[in-house]
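Participant: First the structure, then my questions, so here it is.
None of the figures in this text is laboratory data; all of them are computed from the coordinates on show. Everything numeric in this text was worked out from a predicted model, so none of it was measured. Neighbour counts are summed over all protein chains in view; Cβ atoms, including those assigned to glycine, are modelled from backbone coordinates with ideal geometry.
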Amino acid sequence: MRRKRSLPKRTWLLRRIRAKIRQRDWELTLHAQRQSRARKISQAEIESAILTGRVIEDYPDDPRGPSCLVFGYTQQRRPIHIVVAYPVTGRRMKVITVYEPSADRWQAGWQKRR
């Protein structure tokens with residue numbers, strides 16, 4: 001009998017996040033709404049970045065609940081970071097915050113902290 005190979009956690013997590021985006025089963029927290037408005041980041045840009053991005057940090061033990069940081073580019077090639085709560089079956093996925101990474105905090109490529 002052939003054993004199924006389990007996916008690395010970040011790959012599995014990103015697939016679930018993307019599925020929630022495609023199903024339009026997600027929402028912005030109040031904080032994320034404020035941040036996206038202030039930073040002029042649209043919901044379409046968030047969706048685009050998640051659908052083409054990758055999980056760059058994982059926060060499974062966050063006291064507010066497990067979450068991860070997704071990095072991706074919008075269709076206009078704008079780099080953005082999106083903190084997303086782990087998707088839960090039967091509940092809308094929450095985008096916790098969204099921002100453009102800054103060069104003073106992130107290395108070139110926007111995927112590793114200084």
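Participant: Obtain the nm distance between the two label points defined at ARG34 and ASP104 by a simple spin-label model: each point lies 7 Å from its Cα along the Cα-to-C-beta direction.
Facilitator: Label-label distance for ARG34 and ASP104, simple model: 2.1 nm.
Participant: Please list, in chain and number order, the residues 5+ apart from ASP58 or on another chain whose amide H is under 5 Å from its amide H, with Hs placed from the backbone.
Facilitator: LEU69
Participant: Treating only the Cβ of Lys, Arg, Asp and Glu as charged (+1, +1, -1, -1), what charge dipole size does the chain show about its Cα centre? Round to the nearest 20 debye.
Facilitator: I would put it at about 520 debye.
Participant: For TYR73 and ARG54, calculate 0.36 nm times their separation in residues minus their Cα-Cα distance, and state this gained length in nm to one decimal. Could you put the intermediate results ahead of the total?
Facilitator: Working: separation 19, 0.36 × 19 = 6.84 nm, distance 1.00 nm.
Result: 5.8 nm gained on full extension.
Participant: Related question: Is it possible to state the helix-based mean residue ellipticity at 222 nm for the chain, with each DSSP H run of 4+ residues giving -39500 (n - 2.57), the sum divided by total residues, to the nearest 500 deg cm²/dmol? What is it?
Facilitator: -9000 deg cm²/dmol
Participant: Further, regarding this structure: Have a look at GLN33, SER48, TRP12 and report the one farthest towards the positive end of the charge dipole of the chain, computed about the Cα centre with Cβ charges (Lys/Arg +1, Asp/Glu -1).
Facilitator: Positive-end residue among those listed: TRP12.
Participant: At a temperature of 37 °C and a viscosity of 0.692 mPa s, determine how fast the chain diffuses translationally according to Stokes-Einstein, using the Kirkwood radius over alpha-carbon pairs as Rh; express D in µm²/s, rounded to the nearest whole number. Please report the intermediate quantities before stating the final value.
Facilitator: Values: Rh = 14.5 Å.
So the translational diffusion coefficient is about 226 µm²/s.
Participant: Of the beta bridges DSSP finds with both residues in the chain, what % are antiparallel, to the nearest 5?
Facilitator: 85 percent
Participant: Based on the alpha-carbon gyration tensor of region 51-114 and its eigenvalue square roots a ≥ b ≥ c, which shape applies: rounded if a/c is under 1.5, prolate if not and a/b is larger than b/c, or oblate? Provide the component values of the computation, followed by the final result.
Facilitator: Numbers: a/c = 2.52, a/b = 1.51, b/c = 1.67.
Oblate.
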